[in-house]
Amino acid sequence: MKKHNFTAGPCILNDLVLKDAASACLNFAGTGLSILEVSHRDKEFDGVMIEARNLFKELLDVPEGYEVLFLGGGASLQFYQVPLNLLKKKAAFINTGTWATNAIKQARIMTQVYGGEVEVLASSEDKNFSYIPKDFVIPEDADYFHFTSNNTIFGTEIRKDFDTKTRLVADMSSDIFSRPVDVSKYDLIYGGAQKNIGPAGATFVLVKADVLGQVERPLPDMLNYQIHIKKDSMFNTPPVFPVYVALQTMKWYKELGGVKVLEKMNLDKAAVLYDAIDSSKLFRGTVATEDRSIMNVCFVMKDEYKELEKEFATFAASRGMVGIKGHRSVGGFRASLYNAMPIESVRALVSVMKEFEAKH
C-alpha cells in the first residue's frame, strides 16, 4: 500500500532527491566515501556549500548585498540570534502562533540581559490564532519588524511582502520556496530546512550584509553572523548531510522551472483539499478563509460529528494517509502540503474523506 506523507516536519522529500541522497551515503562525488563521513574541509563538500548558497540566491532572485548561511540550531536558535545581532533599542512583532510567540519570548530574554524593548503590535491569540491580524502600524522607530510567514500548527499564512521603511525580518521555515519573494524588501530571512528544503539539522539565514555589525554588545562567535559569513558557514562543522540534501532539493526545484512553478503547484494542491473541506457535510476548516495556509491545511469534524474524529483517523491511516493528526492546540486534522507533496497524494486524501463521508 502506498503511503502518503502529510507530516508537518520533518516532512516529505522528493523521491529523486531521496535516491540521490541514499547513493551519496555510499559513495559521495566519486570519493569512495559516504557523505556521512567526509570532511567538511574537503574540496568536494566545499563545492556543495558554494553551489547551495548560489542556487539559493538564484531561486529567490536575491539581489546583490545579501549573504546565505547554512547553520545549525534550527529556527529556535534564530529567535535569540536575530535580536542579539540586530536589536539596539526596539523590535516590533506580530504574534500569529506558537513560533511567533517563541520568537517574542526569546527577544524579550535578550532585552533583559542587554536592554531594549519588544513591542507586540497585534496578536490573534484571542481566537486561537485562527486569523492574521490586519489592523496594526509598523513603527518606523523600531530596529526591525519580525513576522512568521506561515504557521504550521494553526494553518494561517502571510502570503505577501510588507511595504515598510522599517527593517523587515521573517521566519519562513515552512513556506520558503513556496512562492516568489521580493527579497529586496527584507533584511533577514531565516528558517529550519526540514519543511521545504531538506532533512532536519540545517538552518538557512539570508541576510543583508550592511545590517550587521551595528550593535555595540559583544557577540559570542557562534552567534555572530559576520563570523559565519567570513568563514563561509564553516566556522564550526556544518550540518554536512542536510546541506547536501538541501542542494539536491534546490536542483530539483530549478529543474521543475523554479519558484513560480512551485507556487502554482502549491495553489492547485491547496485548492483541491480546501474545496473538499468546504463542500463536505462532515468537515470544516479552522481558520479565516482569507488567511488559509497553502502549506498546512487544518480542519476538524463539524460539531455534530465530533465523535467521528478518532474513527476517521483510523480509517485514513488504513488507507495509507500518514501524519494527518492535528496539533493538540487545534485538534482534528492537519495535512501538510509542502513542495515535494504530489497532487496525487492530495487527491488520495480527498478520496478517503469522501469515502468516509459516504459511510456516514
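The values are calculated or read from the model by the stated rules, or taken from the named source; none is laboratory data. Computed from a prediction, not measured in an experiment: that's the story for all the values here. A quick note on method: Cβ atoms are made from the backbone with ideal geometry, for glycine too, and the neighbour counts reach across all protein chains shown. Surface areas here come from the heavy atoms of the whole protein model, side chains and all, with no ligands, DNA or RNA. Shrake-Rupley method; radii C 1.70, N 1.55, O 1.52, S 1.80 Å.
Table for the structure above
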quantity: Among residues of the range 1-27, those that are part of a loop (DSSP other than H, G, I, E, B) and either closer than 17 Å to Tyr253 by Cα or free of Cβ contacts under 8 Å to residues at least 40 places away in the same chain (or both), counted; calculated: 5
quantity: Single residue of Glu64, Glu37, Glu58 found to be of a type outside the set (Gly, Ala, Ser), part of a helix (DSSP H, G or I) and either in contact with a helix residue (DSSP H, G or I) (Cβ under 7 Å, 6 or more places away or on another chain) or open to solvent by 20 Å² or more (accessible area, probe 1.4 Å) (or both); calculated: Glu58
quantity: Whichever residue in the range 282-300 is part of a helix (DSSP H, G or I) and of a type outside the set (Ser, Thr, Tyr) and, among such residues, is surrounded by the fewest Cβ atoms within 10 Å (Cβ to Cβ); calculated: Glu290
quantity: Residue satisfying all of: in the range 92-128; touching a residue at least 60 places away in the same chain (Cβ under 8 Å) and open to solvent by less than 50 Å² (accessible area, probe 1.4 Å); nearest to Leu77 (Cα to Cα) among these; calculated: Ala103
quantity: Subset tally (residues that are buried (at least 20 other Cβ atoms within 10 Å of the Cβ) and outside any helix (DSSP H, G or I)) for the range 257-281; calculated: 0
quantity: Conditions (1) assigned to a helix (DSSP H, G or I); (2) within 19 Å of Met1 (Cβ to Cβ); (3) not charged (D, E, K, R); number of the one not met by Ala335; calculated: (1)
quantity: Hey, Arg53 out of contact with any Asp or Glu (no Cβ under 7 Å at 6 or more places or on another chain), more than 30 Å from Val350 (Cβ to Cβ) and assigned to a loop (DSSP other than H, G, I, E, B) or not; calculated: no
quantity: Where a residue in the range 314-336 is more than 18 Å from Gly155 (Cα to Cα) and at pLDDT 95 or above and its partner, wherever it lies, is surrounded by fewer than 15 Cβ atoms within 10 Å (Cβ to Cβ) and among the polar types (S, T, N, Q), with Cβ under 9 Å and at least six apart; calculated: Arg319/Ser351
quantity: Per-region count, the range 301-332, residues more than 15 Å from Gly285 (Cα to Cα) and either open to solvent by 40 Å² or more (accessible area, probe 1.4 Å) or assigned to a helix (DSSP H, G or I) (or both); calculated: 14
